[in-house]
1. Taking the stretch A:58-82 as the search range and keeping residues that are near ligand 2 (Cβ under 9 Å from one of its atoms) and among the charged types (D, E, K, R), which one is surrounded by the most Cβ atoms within 10 Å (Cβ to Cβ)?
2. Does the stretch B:325-340 hold any residues that are of a type in the set (A, V, I, L, M, F, W, C) and either free of Cβ contacts under 8 Å to residues at least 12 places away in the same chain or surrounded by fewer than 16 Cβ atoms within 10 Å (Cβ to Cβ) (or both), and which are they?
3. Name the one entry in A:ALA81, A:ALA77 that is at pLDDT 95 or above, within 11 Å of the chain's Cα centre (by Cα) and more than 22 Å from B:LEU449 (Cβ to Cβ).
4. Within the stretch A:1-42, how many residues are part of a strand (DSSP E or B) and either of a type in the set (D, E, K, R) or at the interface with another protein chain (Cβ under 7 Å from one of its Cβ atoms) (or both)?
5. Limited to the stretch B:241-273, what total is found for residues that are in a loop (DSSP other than H, G, I, E, B), of a type outside the set (Gly, Ala, Ser) and away from chain A (no Cβ under 14 Å)?
6. I'm told B:ASP280 meets every condition in (1) of a type in the set (Asp, Glu); (2) in contact with a Ser or Thr (Cβ under 6 Å, 6 or more places away or on another chain); (3) in a loop (DSSP other than H, G, I, E, B) except one. Can you identify the failing condition by its number?
7. Confirm whether B:GLU396 is surrounded by fewer than 17 Cβ atoms within 10 Å (Cβ to Cβ) and touching a residue at least 24 places away in the same chain (Cβ under 8 Å).
8. Give B:ARG381, B:ARG414, B:ARG405, B:ARG386 a once-over and let me know the one that is touching a residue at least 24 places away in the same chain (Cβ under 8 Å), more than 16 Å from ligand 1 (Cβ to nearest atom), in contact with a strand residue (DSSP E or B) (Cβ under 9 Å, 6 or more places away or on another chain) and of a type in the set (D, E, K, R).
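The values are calculated or read from the model by the stated rules, or taken from the named source; none is laboratory data. Quick caveat, the model's predicted, so the values are computed rather than measured. Positions of Cβ are backbone-derived with ideal geometry, glycine not excepted, and every protein chain shown enters the neighbour counts.
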Amino acid sequence: MPLLHRIARKDHRPIGFVLDGAPCEGREGDTLLTAILAQRERLRASDFSGEPRAGFCQMGACQDCWVALENGERLRACSTALVAGMRIVTGQRRAA
Amino acid sequence: MSERPQPLIVGAGPAGIRAAQALVAAGLRPLVVDEAPACGGQIYRQRLVPDGRSSRDLYGSEAVKAEALHRDFAALAGRLDYWPQSLLWNLRDGRADIMAEGTSRQVAYDGLVLATGATDRILPIPGWTLPGVFTLGGAQIALKSQGCAIGNRIVFLGSGPLLYLVAWQHMKAGVAVAAVLDTAPFSAKFNLLRGLPLFPEIVLRGMRMTAELRLAGVALHYGVGDVRILGEERVEGIAWGAAGSERRLPCDGIGYGLALRSETQLADLAGCRFAFNARDRAFLPERDAAGRTSMPGVYLAGDGAGIAGADAAERAGELAALALLEDRGLPHDAARAQVLEAELARIGHFREVLESAFPFPPHWATAVADETMLCRCEEVRAGEVRRAVAGFGVHELNRLKAVSRVGMGRCQGRICGAAAAELLAHETGRDLAAVGRLRSQAPVKPIPLTLALDAHREAAE
Ligand SMILES: Cc1cc2nc3c(=O)[nH]c(=O)nc-3n(C[C@H](O)[C@H](O)[C@H](O)COP(=O)(O)OP(=O)(O)OC[C@H]3O[C@@H](n4cnc5c(N)ncnc54)[C@H](O)[C@@H]3O)c2cc1C
Ligand code: FES
């Protein structure tokens with residue numbers, strides 16, 4: 001069950017992206033956080049114990065929503081707009 | 001005069017916008033930077049794309065103010081420089097490091113207005129890191145700017161005017177609100193009556209919202225304590241009340257917050273002197289009535305200087321700009337400044353009323369269980385903090401950070417700092433004012449390491 005439920009923009013243009021290797025669709029106007037949590041119930045694993053996290057503040061304060069692209073670039077999901085073709089990986093612990 | 005660098009405004013919320021407008025009106029050309037992609041700040045945040053909802057849908061009774069701010073800021077185009085999606089991450093030697101589009105630039109400024117706003121204040125409770133728990137602000141941003149609900153059955157928990165506002169906004173948007181759990185006793189709400197003569201329309205609006213929530217069948221519980229959020233992989237419910245009289249409710253989303261805390265890191269990096277503010281239970285940068293700090297040329301406006309709300313932020317922004325003009329010996333409207341000061345004083349009185357109607361939970365530090373996660377970045381539990389305090393004889397917050405890692409993580413204590421201070425004060429039997437405040441460090445938010453190194457090298461050259 002996804003964490004977020006759309007009540008607007010349901011029929012906006014679909015934006016394709018790849019989430020942990022699987023093709024997915026977000027909507028035009030989505031942040032990464034929205035695009036991911038409209039499909040899933042977690043965004044990342046916490047740095048030390050690996051417990052599930054899904055952001056908290058959605059305003060760039062808590063830093064609990066960082067995800068990575070396959071190329072290693074790290075992005076704050078709540079303040080990054082979804083771009084078609086993004087290849088996102090979640091669930092990674094902090095690189096040693 | 002054209003030799004002087006431009007004034008710099010951080011934040012394009014209500015405070016930053018009105019500051020920019022006043023500086024432009026006086027013939028200056030400020031640079032306005034904001035992390036967000038569009039102007040408006042927290043309360044008047046804009047969507048990334050239009051979504052068929054009107055500003056009335058988004059901003060409710062404040063739609064006129066929201067539209068006016070967005071419009072007035074747009075009208076300044078060409079007479080100021082505006083860098084959206086730009087993070088100001090350091091201030092040193094009269095220069096600002098600003099990251100935009102993957103690169104960092106150093107900008108010299110002459111006159112600095114910090115209008116950095118606020119975020120939710122949190123006290124950790126069991127289960128608060130579970131997916132599906134968001135701050136009240138986070139729930140509101142999901143709803144307003146992303147058009148999403150954080151659940152199909154949401155509980156709103158905490159204290160402060162935002163608690164009822166956000167619950168009401170969800171109810172109006174057709175989202176099922178399972179309950180509003182207010183940590184303050186019902187009797188505290190009678191204090192609102194004292195606010196009637198000051199701002200009747202605001203008090204009455206609040207009462208109407210509460211009544212409409214009730215009519216819609218939303219359960220309102222007061223004096224809620226001993227709260228536990230239930231679930232393994234995500235939120236599944238919430239429980240509250242002492243053993244024996246425990247209450248439980250299933251839910252799949254929780255919005256939680258205990259009023260707001262000011263975003264003060266940049267004032268710290270700018271070298272401003274801080275003082276303890278008993279009402280906000282936090283150290284805040286010192287400022288005079290117009291927003292002048294202890295540092296010449298550095299001004300504060302809006303919720304970043306102390307929580308006062310959006311209407312105050314607009315006035316404080318304009319007032320800080322007038323102070324900047326006055327200090328530069330430029331013509332400025334002294335009569336207008338007086339009016340603004342008087343209005344801000346009135347809002348300040350009202351803020352006292354709100355504080356008594358939505359009081360801070362008094363017993364959190366006594367009650368928080370050792371297993372409760374205190375710092376969600378570094379994953380430090382309350383018990384570890386207690387042991388660090390006892391074992392190392394710690395009685396100051398930065399020392400606590402050094403020995404326990406609380407507040408050392410990526411959020412720089414934005415989320416756990418208030419709670420860490422409360423717990424340290426309680427454990428050492430000292431006043432909150434006596435345990436100090438977390439020192440801010442650049443970068444104030446995470447930036448790519450390579451950028452920080454580049455900027456460092458540049459500065460060294
Ligand atoms: C989600 C939420 C909802 C709220 N709703 C209400 C409400 O309904 N009514 C009310 O009266 N108050 C509300 N508030 C309180 C709110 O803080 C103020 O009313 C109002 O937004 C304050 O205006 P401001 O200009 O001081 O700050 P803000 O509106 O918070 O604007 C500050 C801006 O500064 C930017 N910024 C901060 N630091 C940096 C940096 N280092 N680099 C670049 N940019 C930076 C931020 O991106 C932000 O856009 C709300 C607060 C939140 C968090
Ligand atoms: S959810 Fe808090 S920074 Fe993104």
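1. Here the answer is A:ASP64.
2. Correct list: B:LEU330, B:ALA334, B:ALA335, B:VAL339.
3. None of the others qualify; the one that does is A:ALA81.
4. Keep residues of the stretch A:1-42 that are part of a strand (DSSP E or B), which gives A:5-6, A:14-19, A:22-27, A:31.
Of the ones still in play, those that are also either of a type in the set (D, E, K, R) or at the interface with another protein chain (Cβ under 7 Å from one of its Cβ atoms) (or both) are A:5-6, A:25, A:27, A:31.
So the count comes out to 5.
5. In the first step, residues of the stretch B:241-273 are kept if they are in a loop (DSSP other than H, G, I, E, B); the result is B:241-246, B:251-252, B:259, B:263-264, B:270-273.
Next, from what is left, pick out any that are of a type outside the set (Gly, Ala, Ser): B:246, B:251-252, B:263-264, B:272-273.
Within this subset, residues satisfying the condition of being away from chain A (no Cβ under 14 Å) are B:246, B:272-273.
Qualifying residue count, the stretch B:241-273: 3.
6. Here B:ASP280 meets the rest and fails (2).
7. Yes: the conditions hold for B:GLU396.
8. Answer to the selection: B:ARG405.
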